[in-house]
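Participant: Mind having a look at this structure? Questions to follow.
What follows is calculated from the coordinates using simple rules that are stated; it is not laboratory data. Quantities reported herein were computed from a predicted structural model and do not represent experimental measurements. FYI the Cβ positions are ideal-geometry reconstructions off the backbone, even for glycines, and counts take in every protein chain you see.
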Ligand code: OGA
Ligand code: MN
């Protein structure tokens, strides 16, 4: 069956209809999916029944799967081992979270923007969902770049932005007066050129972007606030309402995403993989 790409929102997001990711994907279909990915930024594949191996194979359509180290929990062989999988969940077993990101809202962010080589893409597979809430919102950062007023863009062109990993943060940290040596961080171009599409994209997020290089604290905060508002404009945001079996893949260089709150007492479970990236260029 030929695959169909159906747009979910004028700015970004499309369903890929007619693929079963638990079956081998031929090279032609892979190429069609990759093109749809570059064109639509976020892809949604519905009704999938995927074990870990299926998800790994699906991820390989988009590049090289990134591995991470995690300590063994439960009855594992002991010590650290490499795994590409991460569970995004609020589930706690024997007093220990079985995955990451727990409960509640998450502000807009790029995944791993604080790495020297930020990940290309993230694949999230819905395994348990709450009855309400927990939607994930995606924003088109090519469009955000295009929407920056000319004077502001000219003033910020060629500057870098400090990206930090601090998921607990719910207010902006003043990095000029705070010791950030224990928080993972990295300087990145504020405006990147997307390595695959060659298009310019705004590379900031409310959760992770702390400071613009070469500006005073006040100037940087004012400019960032303006950029956050532009990047979160509802006209360039697609909100994904999850259904069990959804596999969602997002381009992590030209989009940011946020999560809505959900009831704490209900379990939510997503299986996550990421695709290796490369250094961001101006
Ligand atoms: C992630 C993430 C959002 C969600 O896995 O990187 O931001 O809806 N997840 O759980
Ligand atoms: Mn994320």
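Participant: Test of understanding: what is the full-extension gain from residue 235 to residue 92, defined as 0.36 nm times their sequence separation minus their Cα-Cα distance? List each step's numbers first, then the result.
Facilitator: On the way: separation 143, 0.36 × 143 = 51.48 nm, distance 3.68 nm.
That works out to 47.8 nm of additional length.
Participant: Want the number for residue 22 to residue 7: 0.36 nm per residue separation, take away the alpha-carbon distance, what's left? Walk me through the intermediate numbers first.
Facilitator: Numbers: separation 15, 0.36 × 15 = 5.40 nm, distance 2.31 nm.
The span from residue 22 to residue 7 would gain 3.1 nm if fully extended.
Participant: If you don't mind, there's one more thing I want to ask. Please report the relative contact order for segment 77-162, taking Cα pairs under 8 Å with a sequence separation of at least 6, and give it as a percent rounded to a whole number.
Facilitator: Values: 37 pairs, mean separation 12.2, N = 86.
Reported relative contact order: 14 percent.
Participant: If you don't mind, another one. If you count the DSSP beta bridges with both ends in the chain, what percent of them are antiparallel, to the nearest 5? Show your work: numbers first, answer last.
Facilitator: Numbers: 53 of 57 bridges.
Around 95 percent antiparallel, to the nearest 5.
Participant: Where does the chain land at 222 nm, in deg cm²/dmol rounded to the nearest 500, when only DSSP H runs of n ≥ 4 count, each adding -39500 (n - 2.57), divided by all residues? Can you show the working numbers first?
Facilitator: Numbers: 5 runs with 50 residues, N = 282.
Per the formula, -5000 deg cm²/dmol.
Participant: Sort the chain into rounded, prolate or oblate with this rule: let a ≥ b ≥ c be the square roots of the eigenvalues of the Cα gyration tensor; rounded if a/c is under 1.5, and if a/c is not under 1.5, prolate when a/b is larger than b/c, oblate otherwise.
Facilitator: Working: a/c = 1.68, a/b = 1.25, b/c = 1.35.
Here the chain falls in the oblate category.
Participant: In nm, give the distance between the simple-model label positions of residue 265 and residue 199, each being 7 Å from the Cα along the Cα-to-Cβ direction.
Facilitator: Between residue 265 and residue 199, the simple spin-label model gives 4.4 nm.
Participant: Then there is this: Rounded to the nearest 0.05, what FRET efficiency do residue 218 and residue 135 have when you use their Cβ-Cβ distance and R0 = 41 Å?
Facilitator: The value I calculate is 0.75.
Participant: Starting with the highest mean, order 126-138, 94-106 by the number of other Cβ atoms within 10 Å, averaged over the residues of each peptide. Display every interim value, and only then the final one.
Facilitator: Details: 126-138: 17.2, 94-106: 13.5.
The packing order, highest mean first, is 126-138, 94-106.
Participant: Restricting to Cα pairs below 8 Å that are 6+ residues apart, what does the relative contact order work out to for segment 141-231? Please round to a whole percent.
Facilitator: Details: 125 pairs, mean separation 35.0, N = 91.
Over segment 141-231, the number comes to 38 percent.
Participant: Here's another thing I want to ask about it. Given a Förster distance of 30 Å, report the FRET efficiency between residue 31 and residue 53 from their Cβ-Cβ distance, rounded to the nearest 0.05.
Facilitator: Details: r = 22 Å, r/R0 = 0.74.
Computed FRET efficiency for residue 31 and residue 53: 0.85.
Participant: Mean separation of Cα pairs under 8 Å and 6+ residues apart, divided by the residue count of the chain: what relative contact order is that in percent? Can you show the working numbers first?
Facilitator: Working: 617 pairs, mean separation 91.5, N = 282.
Once divided by the residue count of the chain, the mean separation gives 32 percent.
Participant: Please label the shape of segment 141-231 as rounded, prolate or oblate, based on the square roots a ≥ b ≥ c of the eigenvalues of the alpha-carbon gyration tensor (a/c under 1.5 means rounded; beyond that, a/b larger than b/c means prolate, else oblate). Before the final figure, lay out each step's value.
Facilitator: Details: a/c = 1.85, a/b = 1.48, b/c = 1.25.
It comes out prolate by the Cα gyration axes.
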